[in-house]
Every structure is written in structure tokens, then in C-alpha cells.
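Written below as C-alpha cells is the structure these notes are about.
The values are calculated or read from the model by the stated rules, or taken from the named source; none is laboratory data. The shown structure was predicted, so the numbers you read here are calculated from the model rather than taken from an experiment. Cβ: placed from backbone, ideal geometry, glycine included. Neighbour counts: every protein chain shown. We work out accessible area using only protein heavy atoms, side chains counted, and drop any ligands, DNA or RNA first. Shrake-Rupley method; radii C 1.70, N 1.55, O 1.52, S 1.80 Å.
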Amino acid sequence: ALIFTRIPFYFSRGEPPRVIWTYFAVCMWLWTIAEAIWGYLYMRDGEVPVFSAADAFWLLGYFALTVSLGRQFRLISFSQTNIVRRATIGIWLGLLGIIAAVLIITRSETPLADFFSYFYLLADAVVGLLAVVIVYAFRGRALAIPWLMISSFVFSDFIYIRLTDSGMYDYVMSGISVALLADTLYVIAYLLVAWGGLEQYLLLRSGADQP
């Protein structure tokens, strides 16, 4: 989060990249707070409620990331603001509609818990897919690295949700905690995102240092 906070300052006020990286940094800070709250609740109570303060910060983080993604798409596709805004709203409404349909069809007995399980998984998948499109637009250049790394959360969230749904999250196998292994995947995902941010920061700093 600290690395991404530095990036917007390499752009002037009003420049699109400044807005893009500001919202990206806000997302990282919100998710950092969410992780801290989740960790505190888990350490204190041994379990975390289906919906907690951590989820509120995660959801706000997705909103900030959506704004960042939308602005990035406007920049690389030269699309009008209204087109990108409508497409973004349509994607998220479609995602919520899919979740609602699944909950109704499966007659979920724990709709709130199932909603968040499906939401995080599908939201990560949408973000990951959009990130891949951006990576393709940048043709693999250094500017694409942060977007590529953010898609790593798709895998870590999928594993966590599968483990919690199956009840295996609290298992200990051969003296090794399954929870520790799952949480390590999140650490790796955050490290990958941090690396992507660092690459972007170093690229901008090297350009700023040139006469």
C-alpha cells in the first residue's frame, strides 16, 4: 500500500494516471485494513463472523479498484466516460444477478455466507479477467505488471473459499495447519502485487531522474 501511495505523485494533477493509481492505492489500503481486522477477530475469537467490519473494507476496496480499472480502460481504449461507466455498472449488476440466481436455484440455507463466498470468487474472476485484458493492451510491458499481479488473488481466494466451505480450514495435517497454508497463499498474492507496484514505482522514478 505504501508503494502504491507514492506512484500518483509522479503525475500532475488532472492527469488520468494520477487518478488511476490513487484509487489503486486506496484499494490496497482498504484491503490492508480489512486483513488486519480479519486477523484480529480470528486471533481473538478463533473464528470470524460471516459478515464483519473486514468485509465492509473489502467491499469498499473492490469499489476503489473498479474505479481504477474503469479509468485505465478509458485511457487505453479512448472510450467515452459514459460507455465505460455503463459497462462497469452492467458487469457488477450481472455478477449480482448471477449470484442471486444461484442462491435461488440451490435454495441456499445460509444465503449470507453463500453470497459472500460467491461474490469474492466471482469478483476476483472479473477483476482478473479485466486485468488480463489490460495486460494484453500493454503488450506485456512494465506498465502491465501491477494489473497482472492483482489477478493472483483469484487463486488464493478460490483455495480459501473451498477450504472454509468444506470445513478443512481448521484442519491440521501432519503437524501442519491447513489455515497456515491457505493464508500463505494470500501473503504470496500480496507480495506479488507489491512487486508489481515496486516495478511501476522504479520505472517512474528512473524516468523522473533522467534530465
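Of everything in segment 70-95 that is aliphatic (A, V, I, L, M), open to solvent by 40 Å² or more (accessible area, probe 1.4 Å) and modelled with pLDDT of 80 or more, the residue that is farthest from Tyr23 (Cα to Cα) is Leu93. Say whether the condition of being in a helix (DSSP H, G or I), closer than 21 Å to Met149 by Cβ and either among the polar types (S, T, N, Q) or in contact with a Cys (Cβ under 6 Å, 6 or more places away or on another chain) (or both) is met by at least one residue in segment 49-64. Checked segment 49-64: at least one residue is in a helix (DSSP H, G or I), closer than 21 Å to Met149 by Cβ and either among the polar types (S, T, N, Q) or in contact with a Cys (Cβ under 6 Å, 6 or more places away or on another chain) (or both).
Determine which member of the set Val172, Val178, Val132 is of a type in the set (Val, Ile, Thr) and modelled with pLDDT of 70 or more.
Details: Val172 fails: modelled with pLDDT of 70 or more; Val178 fails: modelled with pLDDT of 70 or more.
Answer to the selection: Val132.
Number of residues in segment 105-133 that are free of Cβ contacts under 8 Å to residues at least 24 places away in the same chain and of a type in the set (S, T, N, Q): the value is 2.
Considering (1) surrounded by fewer than 17 Cβ atoms within 10 Å (Cβ to Cβ); (2) touching a helix residue (DSSP H, G or I) at 6+ places or on another chain (Cβ under 8 Å); (3) of a type in the set (Gly, Ala, Ser); (4) under 19 Å from Ala113 (Cα atoms), the lone condition that Ala34 does not fulfil carries the number (1). Taking residues in segment 41-56 that are open to solvent by 40 Å² or more (accessible area, probe 1.4 Å), and partners anywhere that are of a type in the set (Gly, Ala, Ser) and at pLDDT below 85, the pairs with Cβ atoms closer than 9 Å and at least 6 places apart or on different chains are Tyr42/Ala179; Val50/Ala113; Phe51/Ala113.
Tell me whether segment 8-20 contains one or more residues that are at pLDDT 85 or above, out of contact with any Phe, Trp or Tyr (no Cβ under 6 Å at 6 or more places or on another chain), open to solvent by less than 50 Å² (accessible area, probe 1.4 Å) and within 19 Å of Ala189 (Cβ to Cβ). Checked against the condition, which is being at pLDDT 85 or above, out of contact with any Phe, Trp or Tyr (no Cβ under 6 Å at 6 or more places or on another chain), open to solvent by less than 50 Å² (accessible area, probe 1.4 Å) and within 19 Å of Ala189 (Cβ to Cβ), segment 8-20 yields no hits at all.
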